[in-house]
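These notes are about the structure you will find just below.
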Amino acid sequence: MNSTMPAIYLNQAAVNCSLGQDLLSVEENLFGAGQSSFMTMTDQYSPGAVLPLGLVKGNLPAVDIAGEDTRNNRLLASAVRPLLGHINRLKSRYRPERIGLVIGTSTSGIADAEEALVGNEAGFHFETGYYYDSQEFSAPVRFLSRWLGVRGPAWVVSTACTSGGKALASAARLLQMGACDAVIAGGVDTLCRMTVAGFSSLLVTSDKLCNPFSLHRRGINIGEAAAVFIVSRQEGPVRLAGFGESSDAYHISSPDPDGRGAEIAIKKALAVSGINAADIDYINLHGTATEQNDKMESLVVNRIFGPEVACSSTKPLTGHTLAAAGAVEALFCWQLLQRSNGSLPPHVWDGVTDPVLATLNGLGRPALAGTARYAMSNSFAFGGNNLSLILARE
């Protein structure tokens, strides 16, 4: 371990995504998925155009705080609820002022705004009872701080696809500088028409199950999810060993074809963790199944780790959950590192390699020879915002 970085642990976690509403069901479905799909074919958010979406299943109980009952907050609350006992014990141990909140989001309460916006001959207006501030980026941490009764540093990260992962890096910094004794960190995003229409306008959505790194890949599937961790210096089974961030600002929506910013982020994470590229047992790839992202990512992974590193994209199972993706996929690595066997998250695709892409022979490897010690999760976002996380088994 890098002696300059105090040990930071991901002590507890909770999740709600298309794979399930709790840790156990998500783990069972993730590692037993094979070639299964957990996507839903629907035109709910794209009237007249049926698309595969990573929808959460089941009811999301209402939030009993005035002005905070949005679907985004309901999903976030559903993920956090199993952690309430742990959070209450932290409040007693450290005081509410010593517990921080960092949440990534990009949609916040926009879906509720879409439902509340009414158009008639008099123009457009919001229905009575709609609160504009429910769609502000700050809404998730405002809600959590009120609901949980914690009063430490609190903010939202909104850097598109890296948001949930960057929330974990922010949590680590708060702990390193001594501003907090524990941080509740993660990401949440819910589906809305604006998001689906926006990605469709970029011509990067697919009307079939996404097919990352395949010759036949045609774009992303969008999903929704919430994943939350309790992060602290208290020793636990999984350590946040390293994180690396960069912002290359190559293009507003396309990655740098050479992957220079992505490479910087990955190498920073390795440097912070004090390990070598050869020590990484598994990489959860960003793997969007878009033409340019997969081309860039395969190039960078091959350049740093070589062609044999075990890796997969889990987005065919969850959809691209946008601001939640970094947290959800870090949670998959967190689960992997606590398993007693070497089985890996599957790579669901048609198996047809693209000769234009850099070789990744370890893509979709079903298992390791032994248990994993180090897992990496990569996220690459609009505007050239890049993030790499390294988790370690203790």
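The values are calculated or read from the model by the stated rules, or taken from the named source; none is laboratory data. All figures in this text were calculated on a predicted structure; none of them were measured in a lab. Every residue, glycine as well, gets a Cβ built from its backbone with ideal geometry; the counts of neighbours run over all protein chains shown. The accessibility values were calculated without ligands, DNA or RNA, using every heavy atom of the protein model including side chains. Shrake-Rupley method; radii C 1.70, N 1.55, O 1.52, S 1.80 Å.
Within the stretch 78-89, residues that are at negative phi sit with their Cβ atoms under 6 Å from residues that are part of a helix (DSSP H, G or I), at 6+ positions apart or across chains, in these pairs: Ile87/Leu148. When the residues of the stretch 116-138 are filtered to those that are surrounded by 13 or more Cβ atoms within 10 Å (Cβ to Cβ) and part of a helix (DSSP H, G or I), the one that is modelled with the highest pLDDT is Gln135. Scanning the stretch 198-226 for residues that are hydrophobic (A, V, I, L, M, F, W, C), open to solvent by less than 60 Å² (accessible area, probe 1.4 Å) and either touching a Lys or Arg at 6+ places or on another chain (Cβ under 9 Å) or part of a loop (DSSP other than H, G, I, E, B) (or both) turns up Val204, Cys210, Phe213, Ile220. Every listed requirement among (1) at pLDDT below 95; (2) open to solvent by 10 Å² or more (accessible area, probe 1.4 Å) is met by Arg173 save one, (1).
Please go through the stretch 232-266 and pick out each residue that is assigned to a loop (DSSP other than H, G, I, E, B) and closer than 30 Å to Ser25 by Cα. Explain how you work it out, then say what you get.
Applying the first criterion (assigned to a loop (DSSP other than H, G, I, E, B)) to the stretch 232-266 yields 233-237, 248-259.
Passing the criteria: Arg233, Gln234, Glu235, Gly236, Pro237.
Considering only the stretch 97-110, I want to know if a residue exists there that is on the phi > 0 side of the Ramachandran plot and crowded, with 18+ Cβ neighbours inside 10 Å. The answer is yes; a qualifying residue exists. Please work out which one of (1) touching a helix residue (DSSP H, G or I) at 6+ places or on another chain (Cβ under 7 Å); (2) under 26 Å from Cys210 (Cβ atoms); (3) open to solvent by less than 30 Å² (accessible area, probe 1.4 Å) is the condition Leu53 fails and give its number. Failing condition for Leu53: (1).
Find the strands (runs of 3 or more DSSP E) located wholly in the stretch 1-109 whose residues include 2 or more that are in contact with a Ser or Thr (Cβ under 6 Å, 6 or more places away or on another chain) and of a type outside the set (S, T, N, Q), and list them.
Correct list: 51-54, 99-104.
Among the residues of the stretch 318-332, some residue qualifies, meaning at least one is of a type outside the set (A, V, I, L, M, F, W, C), in a loop (DSSP other than H, G, I, E, B) and open to solvent by less than 10 Å² (accessible area, probe 1.4 Å).
So, Phe229, is that one outside any loop (DSSP other than H, G, I, E, B), of a type in the set (Phe, Trp, Tyr) and under 19 Å from Ser170 (Cβ atoms) or not? Judged against the criteria, Phe229 is a match. Considering only residues of the stretch 180-197 that are open to solvent by less than 30 Å² (accessible area, probe 1.4 Å) and of a type in the set (Gly, Ala, Ser), which is farthest from Ser254 (Cα to Cα)? The selected residue is Ala182. Number of residues in the stretch 267-317 that are within 23 Å of Phe31 (Cβ to Cβ) and outside any helix (DSSP H, G or I) equals 17.
Among the residues making up the stretch 227-244, those that are small (Gly, Ala, Ser) and either in contact with a helix residue (DSSP H, G or I) (Cβ under 9 Å, 6 or more places away or on another chain) or open to solvent by 30 Å² or more (accessible area, probe 1.4 Å) (or both) are Ala227, Ser232, Ala241, Gly242, Gly244.
Residue check: Tyr9 meets all listed conditions (1) among the aromatic types (Phe, Trp, Tyr); (2) open to solvent by less than 20 Å² (accessible area, probe 1.4 Å); (3) touching a helix residue (DSSP H, G or I) at 6+ places or on another chain (Cβ under 7 Å) but one, namely (3).
I'm trying to understand the selection: among the residues of the stretch 350-386, which are surrounded by fewer than 24 Cβ atoms within 10 Å (Cβ to Cβ) and aromatic (Phe, Trp, Tyr)? Let's see the steps before the verdict.
Step one: filter the stretch 350-386 for residues surrounded by fewer than 24 Cβ atoms within 10 Å (Cβ to Cβ), giving 350-359, 361-362, 364-374, 382-385.
Result: Tyr374, Phe382.
Here Ala113 clears all of (1) part of a loop (DSSP other than H, G, I, E, B); (2) surrounded by 15 or more Cβ atoms within 10 Å (Cβ to Cβ); (3) free of Cβ contacts under 8 Å to residues at least 24 places away in the same chain except the condition numbered (1). In the set Asn284, Asn302, Asn293, Asn341, only one residue is surrounded by fewer than 16 Cβ atoms within 10 Å (Cβ to Cβ) and not hydrophobic (A, V, I, L, M, F, W, C); that residue is Asn341.
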